[in-house]
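Okay, structure first, notes after.
The values are calculated or read from the model by the stated rules, or taken from the named source; none is laboratory data. Computed from a prediction, not measured in an experiment: that's the story for all the values here. Heads up, the Cβs are rebuilt from the backbone with ideal geometry, glycines too, and the neighbour counts pull from every protein chain shown.
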Amino acid sequence: MHLKYGSTSFDLHLPPGRLAGVISPSSATPDVSPADVLTAALDSCRDRLACFRPGESVVIVTSDITRYTGSEVYLPILVERLNAVGIRDEDIEVLVALGIHRKQTDHEHQKILGPLYGRIRVTDHDCDDPAGLVHIGRTSNGIDVSINRRAVEADRLILTGVIGFHYFAGFGGGRKSVLPGIASRKACMESHFAVLNPQPGSGKNPLATTGQLDGNPVHRAMSEACAMAAPDLILNTILAPDKQIIAAYAGDWREAHEAGCCRYRELFAWPLRQRADLVVVSCGGYPKDINLIQSHKSMEYAAQALKEDGVMILLAECRDGFGNTTFFSWFRHTALDAFEAALRERYEINGQTAYSLLQKAQRFRIILVSGFPRQQVEAMGMLAASSLDAALTMAEQHLPRDWDALVMPEGGSVLPILAI
């Protein structure tokens, strides 16, 4: 079996009888084209689009370049529908939901808009521009929600994006286009801070986890903010591991998103009969293992298939390092209680990811095959190996005599869920 690593791969050789299963994402591909998938989704909400009137201004929120959504495919189809009900190009604006990310380059705008580039106005959200933000309300957990003025003042607001698992919001897409997508920096940070229980020292809320919406405090805060923004329409895609659009959901922002999440779970959750002593997981190679923050997704999913005190081998080249300049500095906190206290004092999204990584490193034994120096890997609570064979030799020292293994060739694309 070949497991991808950066632009190369390793051959996996397990002793006979040790392999308990291979966890792979669904290969379901529709018989119709992405354009047909999108057309069918928009056809399902014709009545909603028919309420749009000529002369109305429309803001379409879409994701930035760090989160591929298929926007260059769906935005032209969506704009065509708007034109058909009398909305002119000059009354349409694409607002890029940067959250707290950097502004996009012209080339990145071109990739996001595809053939619409130069035809439809495009603007980057700025979370730090007070004049460009409008306060629209407060969530039940006390987040003051300020969002982009263009979205508030437009006659019509449309949200677009992609649905996928999210390690503490449950799922991406939907309401995340508003918070954190087009919100103030303060609101972005506070929405992510909801991952922690209110009481100091009480750790992470167990319902703020991958694939979980019910009772999830992060999802609740984001949904409340989205309701305040009152979008007129949502269009969310579901992508195959190769990034092809395989499903789309359009209509009411809450109903369409929830339907899309249910479908995504059907496609990309793996019913697990029993956890294993060893999980060997590849992120899927470059660019999925471009940095450690990106690779954490595969680590999070693989942890769901691992027995307590089990061993994980993670193949993640991380040619671009950690993915953020402040990420590694958080590992000065080696105890989880001290780490949590530091997060509560000065919350950072990258700190939250580092905290989640350290939780897993202390709960399991994680062997990382990467480009990082051994000292950095060990500082993060993990063991370092130079190759898959070396990692397997190391793992056997920590496994029981009758150990079994699960393998995840595309770790960030499928979520093991224990069948009860």
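Things to note:
- Among the residues listed as Ala302, Ala259, the single one being under 30 Å from Arg401 (Cβ atoms) and part of a helix (DSSP H, G or I): Ala302
- Filter result (surrounded by 14 or more Cβ atoms within 10 Å (Cβ to Cβ) and touching an Asp or Glu at 6+ places or on another chain (Cβ under 7 Å)) within segment 377-404: Ala384, Leu399, Trp403, Asp404
- Subset of segment 76-107 that is crowded, with 17+ Cβ neighbours inside 10 Å and of a type in the set (D, E, K, R) - its residue that is nearest to Pro54 (Cα to Cα): Asp91
- Screening Ala391, Ala342 for residues that are out of contact with any Phe, Trp or Tyr (no Cβ under 6 Å at 6 or more places or on another chain), assigned to a helix (DSSP H, G or I), over 23 Å from Tyr301 (Cβ atoms) and of a type in the set (A, V, I, L, M) leaves exactly one candidate, Ala342.
- Selection status of Ala230, in the same structural domain as Leu159 (by TED's automatic domain parsing) and at pLDDT 95 or above: yes
- Long-range neighbours under 7 Å by Cβ, at least six apart or interchain, first residue free of Cβ contacts under 8 Å to residues at least 40 places away in the same chain within segment 119-131, second crowded, with 17+ Cβ neighbours inside 10 Å and of a type in the set (Asp, Glu): Arg121/Glu93; Thr123/Glu93
- Among the candidates Asp31, Asp64, Asp89, residue that is under 23 Å from Arg156 (Cβ atoms), at pLDDT below 95 and of a type in the set (Asp, Glu): Asp64
- Among the residues of segment 312-339, just one is of a type in the set (A, V, I, L, M, F, W, C), more than 23 Å from the chain's Cα centre (by Cα) and in a loop (DSSP other than H, G, I, E, B), namely Ala335.
- Within segment 203-237, the residues that satisfy the criterion of being of a type in the set (S, T, N, Q) and outside any loop (DSSP other than H, G, I, E, B) are Ser223, Asn236, Thr237.
- Criterion: assigned by TED's automatic domain parsing to the domain that holds Val280, modelled with pLDDT of 95 or more, over 20 Å from Leu196 (Cβ atoms) and surrounded by fewer than 20 Cβ atoms within 10 Å (Cβ to Cβ) - qualifying residue of Gly323, Gly371: Gly371
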